[in-house]
1. Within segment 177-241, considering only helices (runs of 4 or more DSSP H) that don't extend past its boundaries, which have at least 1 residues that are surrounded by 17 or more Cβ atoms within 10 Å (Cβ to Cβ) and among the aromatic types (Phe, Trp, Tyr)?
2. Are any of the residues in segment 65-78 modelled with pLDDT of 90 or more, under 23 Å from residue 188 (Cβ atoms) and in contact with a helix residue (DSSP H, G or I) (Cβ under 8 Å, 6 or more places away or on another chain)?
3. Looking at 152, 191, 128, 176 in this structure, which one is of a type outside the set (Asp, Glu) and modelled with pLDDT under 65?
4. Within the set of pairs 6+ apart or on separate chains, which have a first residue in segment 11-25 that is over 15 Å from residue 55 (Cβ atoms), a second that is charged (D, E, K, R) and surrounded by 17 or more Cβ atoms within 10 Å (Cβ to Cβ), and C-beta atoms under 8 Å apart?
5. Scan segment 159-168 residue by residue and report those that are surrounded by fewer than 17 Cβ atoms within 10 Å (Cβ to Cβ) and either modelled with pLDDT of 90 or more or not charged (D, E, K, R) (or both).
6. Looking at 120, 88, 92 in this structure, which one is at pLDDT below 60, surrounded by fewer than 18 Cβ atoms within 10 Å (Cβ to Cβ) and not basic (Lys, Arg)?
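The values are calculated or read from the model by the stated rules, or taken from the named source; none is laboratory data. The model shown is predicted, which means the values in this text are computed figures rather than measured ones. Note that we place each Cβ from the backbone using ideal geometry, even for glycine, and neighbour counts take in every protein chain shown.
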Amino acid sequence: MNQSQKHPPPDLPASMWAAFPPFMLLLLIALAYVNPEMFQLMMAKDDEGGIVEHATVLILLPGIAAGFAVFIYHRQALPTPWLGWWVLMWALACIFFAGEEISWGQWIFEWKSPEVFRQLNSQEETNLHNITPWLFQKPQAIVEIWILIGGLALPLWQRYKYNKWIAHPKSWQYWLFPTYVCIPAAALTLLVRFFKPFFKAVPLPHLERLGSGELREYYIALFLCIYLLSFWLRIRKERAG
């Protein structure tokens, strides 16, 4: 039987999971009024030097490294083999996410998209997500459902329904599901989704662009990074005894 405890198990520092997620949103709101030109640059597309889109890629890198570290060095310590492949799947998904965000280097190295992409992609970018919704909207919807249920609803329900945390490392649930450290990033991912209809109903100067997909993708990336880093840190601590 799984044991539980009222206090959460050791995880990422609060400066990373509690303070860092709201920082980007608060910064954007401040810039929208203090420096609108910088705000527009922050929210621009990647081919226009958009800082949020580039930050999305940078945020994914530590998560990718953590995912591969778990799979290569620590998967033998997990209670069931498929958990290692689960983490690898998310690391590979983050690579695809990052690659698509920067059009696989097209806007960084300023090379032209190959003819096959120019014919299939209306934006003439070297990526797949603008070709078919099966490589963009549908996978993103699945990830957002996972974030909503696994990253927000489940840990809150577990904490306030039973007033305890699942804390037994021999349980596969302990490793599979996001811990409390993912709650702020998950909540902001959900919140940003409602910005666009909100600002249409209640227009506020300069803030309309907060409802764009760029900010939502940033918070999805942040959630995945925190999830993979948490997984890596906890398995290291578990193996260290």
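1. 195-201, 213-240
2. So far as segment 65-78 goes, yes, one or more of its residues are modelled with pLDDT of 90 or more, under 23 Å from residue 188 (Cβ atoms) and in contact with a helix residue (DSSP H, G or I) (Cβ under 8 Å, 6 or more places away or on another chain).
3. Just a single option satisfies the conditions, and that option is 128.
4. So the pair list comes out as 11/234; 17/11.
5. Within segment 159-168, 160, 162, 163, 168 qualify.
6. Within the list 120, 88, 92, the selection yields 120.
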